[in-house]
Amino acid sequence: MIGTYAAVAVVCGAPLAIGQAALALCGVRRWSWLSPAVGLALLGALCWGAVRLPGEGVAAAIAVAVFAVTSLWFLRGRVEGTGEALRAGWPVALVALLAASLPFAVEGHFGILGTSFNPDMSQHLLATDRLVDGFGSQLLNQGYPLGPHAIVVALHGGLGIGLVQGFDGLTVAVAVLAPLTALAAFAELRPLPRSAAALVVGLAYVVASYFAQGAFKETTQALFLLAFVLALRQTGRDGWQSLPLRFLPAALIAAGSIYVYSFPGLIWLAAALGIWLALERALPLRPFLLGLFAFAVLVAPEIGRMIDFQSFETFDPSGPGLGNLFGQVSPFEALGIWPSGDFRLAPGDGAVPAAGYYLGIAFALALLIHGAVQCWRRCESAILAGLGAVALVYLGARLGGTPYAAAKAIEIAAPIVALTILLPLLGPAGRLCIPMGDKVAPSALRALVAGVFMFAAGACSLLALANAPVGPTSYASTLTGLRPIVAADSTLILASPQLLEEEHGTPYLAWELRGGRVCIASAAEARDAPPPGVRFVITEGGGGQAPFAGLRLHRPAGPYVLWEVTDPISGDSRCPLIAVRQARQGPAR
């Protein structure tokens, strides 16, 4: 617990300081809630640039500390409204932290998020473990974006935080920073609706569902798209119009997206930028070119890896494409009202009747149409551009991609959809630039409707968070190292009941030995002999006696012991095949 929350504190605190300093260098003199996203983008790039230096992450940790301290020193006397911003931000941060901690509270322990939903984390942990030791990995060689992994290595090198706790802390921190970023859209509201709206936008249902899987990359990309849209919106607002570097914050966020999501992350941002430019019709060329130049400089070191990443096999449209899904995910989940603890289920497959889903869809869809119309009336071109971008990307993924890619597009769209719904309902009604009739709904009615939506959407997000499984508390890459030995034969793993029952370790163990036939059983229920066809047995513990007769010690492997069956029982193996192709659907874009 201490390691997890120490990581949360660092990954929240450092971006706030670094991001606000970057905005101050651009000429921004008032506190901006774009700072969390700008700072997180810079943090990922900074750590990735320093993590491969000698020292097992110490160099990256020192770099973060130097930049954070220098940023705080630079900000002294240069930023106005800090106290007011902190008073607005701390309730949002606290509630978001409590919500993101719900999975650990429900499970009663800390560990790997989403293990029984998604086994991706084992591959992320393996790549990070090798980064710590200065070695390459399959993900590194394939150009996979490793900015978040570098942040975890920095936490490990600087504070001695374990890799599991580091990833948990990073994932929780993103869940806190996203609602804080959403405050940039609701700064003029009263405290209660401002906080509620920011939380619903930042922790929209599908975002919460991906958090429940431990999918830190997708939740970070959703945060970056939200921040990019709000940064475009801010370029034309009070205090920013005359700044020569007013496009630099958007450029920094776009660069951060490269280090988290590689070139696919730019698809959403480029689409939003293109639509926004078409709606604005007038472009301040020099500030725009300055932002474009800064973006090019920051991403130049990653171009080679982006080229390598285009051949990553998850992009293969002829592959299975389902990953851990049961089928296509409904795009209506992006509306935020989906009363299911598992976003993969169809309406009516859970405890709530299908009618409850359809009622929520109808209500939220009507609000989305209303919100889009009102954004058009108010010339909210950036919000409309974001909405158009997520719609286009989803259609492209649905028609030309896989269900796995389409589901990610829905998740990344969710905060923009919630923002489009809530901003016109809660914002001032008088700011109209395109008259379309004189009647405007009374503010009390708009507030009531917004309150109903936020309550329903918030409850669905909490349901997804409460349903998140928390898996093993420890990690050792040595199990993956046994694959070349056991992959051609059948293997029996005897694990502790705690690992299998309390920590949801079964899919985690199967993932680590993918490519062969694997049986997994409780050590407390071990029989006198392994099942037919089993050639190897793996037990927990650094030594000890064989679990049954007829085993020869092959080798100890960290917290595991590999035994070889001297006289295997003849017959076809009953152990299921853990397919390599299916397993590699894990760490996708």
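Any read-out appearing in this document is the output of simple, stated calculations on the displayed coordinates, not a laboratory observation. Bear in mind the structure is a predicted one, so any value in this text is a computation, not a measurement. No Cβ is skipped: glycine too gets one built from the backbone with ideal geometry, and neighbour counts run over all protein chains shown.
Overview of results
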read-out	value
Estimated 222 nm signal from helices in the chain, with DSSP H stretches of n ≥ 4 weighted -39500 (n - 2.57), rounded to 500	-18500 deg cm²/dmol
Nearest 10 degrees, 0 to 90: helix 216-234 Cα axis against the chain principal axis	10
Computed E for L277/S311 - FRET, C-beta separation, R0 25 angstrom, nearest 0.05	0.20
Charge dipole (the range 2-466, unit charges on Cβ, about Cα centre) - positive-most of L345, V229, H156	V229
Overall dimensions of the range 478-583 by Cα: Rg and Dmax, Å	12.6, 36
The range 10-157 shape via C-alpha gyration tensor axes, a/c threshold 1.5	oblate
Theoretical FRET efficiency, 1/(1+(r/R0)^6), r = Cβ-Cβ of V373 and R87, R0 35 Å, to 0.05	0.55
Surrounding net charge for W276, when Lys and Arg each add one and Asp and Glu each subtract one, Cβ distance under 12 Å	0
Phi-based couplings in Hz for the range 29-34 (Karplus 6.51, -1.76, 1.60; Gly and Pro marked x)	9, 10, 4, 10, 7, 6
Net charge of Cβ neighbours under 14 Å - reference G49; Lys, Arg +1; Asp, Glu -1	+1
Mean-position separation - Cα centroids, the range 238-273 and the range 192-231, in angstrom	17
Cα gyration tensor, the range 53-92 - rounded (a/c under 1.5), prolate or oblate	oblate
Normalised alpha carbon radius of gyration of the range 294-426 [divisor 2.2 N^0.38 Å]	1.25
Shape call, the chain: gyration tensor on alpha carbons, a/c limit 1.5	prolate
The range 478-583 - charge dipole about Cα centre, Lys and Arg +1 at Cβ, Asp and Glu -1, debye rounded to 20	420
³J(HN,Hα), Karplus 6.51/-1.76/1.60, whole Hz, each residue of the range 393-404, x for Gly, Pro	5, 5, 4, x, 5, 5, 7, x, x, 10, x, 4
Formal net charge of residues neighbouring H149 (Cβ-Cβ distance under 11 Å; K, R +1; D, E -1)	+1
Length-normalised contact order for the chain - Cα pairs under 8 Å, 6+ apart - percent	17
